[in-house]
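Working notes, structure below.
The values are calculated or read from the model by the stated rules, or taken from the named source; none is laboratory data. Note that this is a predicted model, so its numbers are computed, not measured. Here the Cβ is made from the backbone with ideal geometry for all residues, glycine too, and neighbour counts use every protein chain on show.
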Amino acid sequence: MELTGEQIRWLLIAAVGVAALLICLFCVLRGKKKDGALVVLCGSLLIVFFTLSDFTSVSEYGSGSLAPVGEGAPAVTFEIDGGTEDLLPPTQVALREGETVLELLLRVTEAKGIRVEYTGGYVEGIGNLYEFDHGDQSGWMYSVNGVTGSVSSAEYLLKSGDVIRWYYVTSYEEGGAS
């Protein structure tokens, strides 16, 4: 039986609570009331932390759900091409107002359970494919409507109908959009 994220959270809360009470009882029986009070305080803080945290089970993470595109709603076509493997085939995605290429990448990959590592607007890795994995000029690039991005992905504002493609190149000199 697989537990949901909510069940995991409540199990952690219960485990911390029981452990704190048992340690506190042990401290009181040994005559160390200050230690018992400290354990209760730490246990309470952990319970508050777990209560406010959001947990996701393995099956819930990356369930692949993106909001369906409504008729007439702003939408884009989005693709991630890893060269030898398509990480995400061309997919219609609803566009949020003021969304950038990077924000869209992060939203889609989170929904699909694809790991992304980036700094600022520079994407270092998507999936398990990183810059320099295939040479000192290899890495990720993006294009919008077939034109390679000339600004940071964190700055490029999208509009409805755009076709966004993230693709892996082995040489930035040959990295024009394809």
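When residues of the stretch 135-152 are filtered for being within 20 Å of the chain's Cα centre (by Cα) and surrounded by fewer than 17 Cβ atoms within 10 Å (Cβ to Cβ), how many remain?
Residues flagged as within 20 Å of the chain's Cα centre (by Cα) and surrounded by fewer than 17 Cβ atoms within 10 Å (Cβ to Cβ) within the stretch 135-152 amount to 1.
Residues of the stretch 107-143 that are in contact with a strand residue (DSSP E or B) (Cβ under 9 Å, 6 or more places away or on another chain) and of a type in the set (S, T, N, Q): T109, Q137, S138, S143. For the stretch 113-134, taking the residues that are at positive phi and at pLDDT 90 or above, the one that is surrounded by the fewest Cβ atoms within 10 Å (Cβ to Cβ) is identified as F132.
Being surrounded by 14 or more Cβ atoms within 10 Å (Cβ to Cβ), within 18 Å of V69 (Cα to Cα), modelled with pLDDT under 95 and not polar (S, T, N, Q) is a property that E99 lacks.
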